[in-house]
Amino acid sequence: MPGILQIAYKLLVNDRAKYIALLAGITFAVFLMIEMTSLFAGILLRGSATVINIGASIWVMDPSIQTVANTISLPDYVLDEVRSIPGVKYAVPLYSGAALLKLHDGTYQAANVVGLDDTSLFGRPPLEQGTVEDIYGENAFFAVNDSEFYKLGNPKVGTEFELNDHRGVLVGIAHVASSGLFGIPTLYTTYNRARQYIPNPRFTISYLLVEPKSPADVASIKAAVTKAGYLALTKDEFIQKISDFYMYHTGIGTNMLIMTVISFIIGLSISGQTFYTFVLENLEKFGALKAIGAKGRELVYMILFQASFVALTGYGIGVGMCTLTIWLARLNLPDYAALITFGNLGLAFIMVVIIAAISSYFGVRKVLKIEPFDIFRG
Amino acid sequence: MAQKTAIEAEGLNKWFGEGDAKTHAVKDVSFQAYFGEMLYVVGPSGSGKTTMLSMISGILRPNSGTVKIEDTAIWTLGDDALAEFRLHKIGFVFQDYHLFPRLTTAENVAIPLILQKRNWNEALKEAEVDLDVVGLKNRAQLPPVKLSGGEQQRVAIARAIVSRPDILIFDEPTASLDGDTGRNIVKFVREHILSDQRCILIVTHDSRIYEYADRIVKMEDGKMMGIEREKLDAQ
């Protein structure tokens, strides 16, 4: 490290009170920013859980669909129509609906029931316990071992329950990539059993899951589905549509944005003010350095180094604290929806860089203005 | 043997403000200072001593006039070159010392060497040598706030001499010290810091240290006048 920066480092860290105040300001801001954006990322991920877990390439749905949780049933003939589109390798129906379970201890629990195509079981999750063929047994269901699993009373294979007055039996326990958003467990069964056990309107297909013959066929399939009056989205497009809904149509996004901005302002206020005071207190010393022979740009490097050092240290501590908090929260709240993404980290980093830049800007201005003559004049 | 000129100031003028608020702080000052001498600049507050000192040390640009230090007309240099010149040729001892309380004494002394981009550890070693010269080697690892006023002044002197400058400038070196300590400091400078290759300029109010000067010039209302030391001693 160049000597001038080593001086800057020592001036900063040896002023314990200010250094801790600066670190606290940045850390607190980073912690809040990442916590807020992680919660939002967690909500968005869980909002698309069904889409992620089923994993189909193309989803066909009613154009009015906003999220995967709110289904508008499709007429049965749409299945045949989609299957007849050139480029479609296969298309299967998917049922998604809510049911009320009566557990073996007599308590009631809401659940999401996913009905998979009887023949192919396309989109089935990998099993931890049980065998796939058992789903064709009488009243058979798979439970998903996600963060909501315990709400089913931690059942085992063979555990029985009631589903809308029908007998249900657990024949397998599966795991999935993402838990759902609404805090209820998920059961998988066959499409036809789901239709039979859950009260339904006239049409029962929630979505059509389509696999194209090749990626090049995706565009023509989407166009053909649109022409038929329905909407076909790739997996990524559907996830984006769901994210957009939560972001722009629910107020969640706005609230998270406001909280993030408040965190930024708090961090900027604490750190900016403390750093400015720190520079002011050392202003005469900077003037003395200038008189001795330090160049203006060397003093600017010192201040930028100090601001960057404290910002990066605070950023690291803030990220660590946030990770620890989320980890601790998940130990006690398994369905705690928070996800630290590279995007969150990048956003917080940009915010911290802005805080450091603004904080140092005023210090730099002050230091560049100080005249060594003022040091002599006293 | 003729003395070699260290500083040559010619027709220096400096004023501040404009119109009715214009103050002519230094009026047509010319003088020479030589290697091997300790030259005092004395005079009442507001007489222009500090302004004149700032102009000859390259930190305040005169409105007119020239300053030559060892044949270099310093006010023809650009800002960076002038800063570099000060760093290598001039050592400063400020009235309030301006030591960094968050650095150790040795680190404070090493600052000019660090600004010269010398290796950190080497700079500290050299700083300790100069702390030894001023009798404070055993204080090297202490922060300046743990030292007495006289000791802090010595640290400031060590910092001023560490880069071996030819010119040393002291601004009111005894202002913050009691009489005995102030005299001892200046006596020490006279006996240990002054050499044939060095010129020391001291701005002071303190008549108790006049005995250590080779020459004394007096400033009044921005003008400089030569003065006999004996007369000042008598005052």
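None of the figures in this text is laboratory data; all of them are computed from the coordinates on show. These numbers were taken from a predicted model, which means no experiment stands behind them. Ideal geometry is used to build each Cβ from the backbone, glycine not excepted, and the neighbour counts take in all protein chains shown.
Placing +1 on each Lys and Arg Cβ and -1 on each Asp and Glu Cβ, with no other charges, gives region A:1-149 a dipole about its Cα centre of roughly 1120 debye. Region A:333-378 and region A:76-137 have Cα centres spaced 52 Å apart.
Cut-off 15 Å, label point 7 angstrom out along Cα-to-Cβ of A:E284: give me the residues of region B:138-165 whose amide nitrogen falls inside. Under cut-off, by backbone N: B:144-145, B:149, B:152-153, B:156.
Largest GNM mean-square fluctuation among B:L53, B:L142, B:L194, using chain B with Cα springs under 10 Å: B:L142. Each residue, B:S45 and A:I72, gets one label point 7 Å from its Cα in the Cβ direction; the gap between the two is 8.5 nm. Ordering A:A228, A:T260, A:A294 by Cα displacement along the dipole of region A:212-297 toward the positive end leaves A:A294 in first place; charges were set at the Cβ atoms of Lys, Arg (+1) and Asp, Glu (-1). Dividing the summed helix terms, -39500 (n - 2.57) for each DSSP H run of n ≥ 4, by the number of residues in the protein assembly as shown produces a 222 nm estimate of -14500 deg cm²/dmol to the nearest 500. If R0 is 30 Å, the Cβ-Cβ spacing of B:N13 and A:R365 corresponds to a FRET efficiency of close to 0.45. FRET efficiency for the pair A:A357 and A:A24, taken as 1/(1 + (r/R0)^6) with r the Cβ-Cβ distance and R0 = 25 Å, rounds to 0.80. When the Gaussian network model of chain A links Cα atoms closer than 10 Å, the mean-square fluctuations of A:T67, A:T37, A:T159 top out at A:T159. Among the GluC sites (Glu not before Pro) in region A:130-191, those placed in a DSSP loop whose Cβ has at most 13 other Cβ atoms within 10 Å are A:E138. Principal-axis analysis of the Cα atoms of chain A puts helix A:218-227 at an angle of about 60° to the longest axis.
Among all lysine pairs in region A:75-229 that are eight or more places apart or on different chains, how many have alpha carbons less than 17 angstrom apart?
5
Only the Cβ atoms of Lys and Arg (+1) and of Asp and Glu (-1) were treated as charged; on that basis the dipole of the protein assembly as shown about its Cα centre amounts to roughly 540 debye. Taking other C-beta atoms within 10 angstrom as a stand-in for reagent exposure, B:L136, A:L257 fall in the order A:L257, B:L136, fewest first. You can think of it this way: the chain between A:D244 and A:L331 has 28.3 nm of extra reach, that is 0.36 nm per residue less the Cα-Cα gap. Fewest-first ordering of B:S45, B:S163, B:S148, A:S220 by other beta carbons within 10 Å of each residue's beta carbon gives B:S45, B:S148, A:S220, B:S163. The stretch between B:M225 and B:E122 holds 32.6 nm of extra length on full extension. This uses 0.36 nm per residue minus the Cα-Cα distance. List the residues of region A:17-32 whose backbone N lies under 13 Å from a point placed 7 Å from the Cα of B:V145 along the Cα-to-Cβ direction. Under cut-off, by backbone N: A:17-19. The residues packed around A:S360, meaning those with a beta-carbon under 14 Å from its beta-carbon, carry a net charge of +3 if Lys and Arg are +1 and Asp and Glu are -1. Put the Cα centre of region B:34-106 next to the Cα centre of region A:1-59 and the gap is 48 Å. Give the longest segment of chain A that steers clear of trypsin sites (Lys or Arg not before Pro) in DSSP loops with at most 14 neighbouring Cβ atoms within 10 Å, not counting the sites themselves. By the stated rule (loop sites, at most 14 other Cβ atoms within 10 Å), A:214-378.
Other residues with beta-carbon under 14 Å from the beta-carbon of A:R46 carry, at +1 per Lys or Arg and -1 per Asp or Glu, a net charge of -2. For chain A, modelled as a GNM whose springs connect Cα atoms under 10 angstrom apart, the maximal fluctuation among A:D217, A:D146, A:D335 occurs at A:D217.
Applying 1/(1 + (r/R0)^6) with r as the Cβ-Cβ distance of A:R167 and A:V261 and R0 = 60 angstrom yields a FRET efficiency of 0.65. Net charge in the neighbourhood of B:S148 (other residues with Cβ under 13 Å of its Cβ; Lys, Arg +1, Asp, Glu -1) is 0.
With a 10 Å cut-off around each Cβ of B:92-105, the average count of Cβ atoms from other chains is 5.
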